[in-house]
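Asks: Below you will find the structure I want to go over with you.
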Amino acid sequence: MDIHEILEYLPHRYPFLLIDRVVAIEPGKSIHAYKNVTINEPFFVGHFPHHPVMPGVLIMEALAQAAGILSFKTEGKKPTQSDVFYFAGIDEARFKRPIMPGDQLNLHVEIERQMRGVWKFKGEARVDGQLAAEARLMCAKRDL
C-alpha cells in the first residue's frame, strides 16, 4: 500500500500520520509497515534537541496505526466518518533501542484475537533487523 491508500484507511494526517508504506499485509493475521524517521519530524525540536530520539509513545502509536489498517483490511472495508479505533491498552511495552533521525522503523503487528469490537495485537518495531520496541496492544472499534 502506498501513502494514498494508507490515507484511505487512517484518519490521521500530518504531523500525526506515522505510517509511510505498507510492505505486506495478510488480512486476519499480520501487517508489515514502515515509517521513515527524519530530522524534520516536529517532535525532534523539543525531544532531546541535543540528541534527537523518537518518543516511545509515538512508536506505540505507529504500531497502533498499523494495527488499525490491519483491522479494517481484515473486516474487508474502509473506515467511514463514523468509524474509529481507540487505543484501549498497552501491555508489556519494552524499549530496547533508541530510534534516531535516519532510521527506518519497521512495524510488525499480528492479530492475537478479536471479540465484540475489541482487538488484541502483538507488535514489534525494528530498525536494521534489531528489536527497538515491542508491546501487546488493545484497540476498541467504536461508532461516533
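The values are calculated or read from the model by the stated rules, or taken from the named source; none is laboratory data. None of these values were measured; they are calculated from a predicted model. In this analysis, Cβ positions are derived from the backbone assuming ideal geometry, glycine residues included, and neighbour counts consider all displayed protein chains.
Asks: Taking residue 25 and the conditions (1) in contact with a Lys or Arg (Cβ under 7 Å, 6 or more places away or on another chain); (2) among the β-branched types (Val, Ile, Thr); (3) closer than 21 Å to residue 142 by Cβ, which numbered condition does it fall short on, given that it satisfies the others?
Replies: That leaves (3) as the condition not met.
Asks: Conditions first: (1) within 17 Å of residue 134 (Cα to Cα); (2) surrounded by 15 or more Cβ atoms within 10 Å (Cβ to Cβ). Residue 10 passes all but one, so which condition is the exception?
Replies: Looking at each condition in turn, residue 10 falls short on (1).
Asks: Among strands (runs of 3 or more DSSP E) lying entirely in segment 48-144, which contain 3 or more residues that are more than 12 Å from the chain's Cα centre (by Cα), surrounded by fewer than 18 Cβ atoms within 10 Å (Cβ to Cβ) and on the phi > 0 side of the Ramachandran plot?
Replies: In segment 48-144, no matching strands (runs of 3 or more DSSP E) lie anywhere.
Asks: Could you tell me which numbered condition residue 35 fails, if it satisfies all but one of (1) surrounded by 14 or more Cβ atoms within 10 Å (Cβ to Cβ); (2) at pLDDT below 95?
Replies: (2)
Asks: A further question follows. So which residues in segment 8-47 are more than 14 Å from the chain's Cα centre (by Cα), part of a loop (DSSP other than H, G, I, E, B) and among the β-branched types (Val, Ile, Thr)?
Replies: Within segment 8-47, 38, 39 meet the criteria.
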